[in-house]
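Below you'll find the structure, written out as structure tokens, and then a few comments.
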Amino acid sequence: LAAAQRRLSRKIKGSKNWIKQKLKVARIHRKIRNLRDEFLHQVSKKLVDKADLIVFENLNIKSMVKNHNLAKHILDHSWGRLIQYTTYKAARAGKSVELVDSRYTSQRCSGCGIIVPKTLEDRVHECPRCGLKLDRDHNAALNILTLGLRGRACGDAG
């Protein structure tokens, strides 16, 4: 893609060779989009086949994309589209998808519930109260699951 875009930028805008190269770049973009969609369909199908309840963080993706350091990676992974695909496949299969509030999911201790402040560089959760020591992402996953199960038990819609 990068090489094709470089070749396009070297062509004279509006010429026949520029038009041909523009079509090549568009074809490469379409292929990348199709590969990404196929992968998301595969992942969402595996999630729906494995579990009766799937819980996602309700992330504000539009705000997260404003961070220029993370924007490309967030958009490349199509988080919103994965949630969309999983939701409609779960509805077809008679299963449910819950979206939970993302506040403090990685900072709250999954063992005792206190909030242990962390920066993005801190990759390990260590609770001073109960002594729980987990990977930060694993701790967040346990908190997200707990919130999803609690929301389902209480009958919350979100």
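None of the figures in this text is laboratory data; all of them are computed from the coordinates on show. Just so you know, these numbers come straight off a predicted model, no measurement behind them. With ideal geometry, Cβ positions are generated from the backbone for all residues, glycine too; neighbour counts draw on all protein chains shown.
Brief remarks follow.
- Any chance residue 65 is β-branched (Val, Ile, Thr), surrounded by 12 or more Cβ atoms within 10 Å (Cβ to Cβ), touching a strand residue (DSSP E or B) at 6+ places or on another chain (Cβ under 8 Å) and under 27 Å from residue 39 (Cα atoms): no
- Residue match in segment 117-131 (condition: touching a His at 6+ places or on another chain (Cβ under 6 Å) and more than 24 Å from residue 44 (Cβ to Cβ)): no
- Considering segment 58-158, the qualifying strands (runs of 3 or more DSSP E), each wholly inside and each with 3 or more residues that are under 15 Å from the mean Cα position of the chain (by Cα) and touching a residue at least 12 places away in the same chain (Cβ under 8 Å), run over 96-101.
- Residue within segment 24-33 that is touching a residue at least 40 places away in the same chain (Cβ under 8 Å) and either in a helix (DSSP H, G or I) or surrounded by 11 or more Cβ atoms within 10 Å (Cβ to Cβ) (or both) present: no
- Which numbered condition residue 38 fails, given (1) closer than 20 Å to residue 140 by Cα; (2) of a type outside the set (Lys, Arg); (3) part of a helix (DSSP H, G or I): (1)
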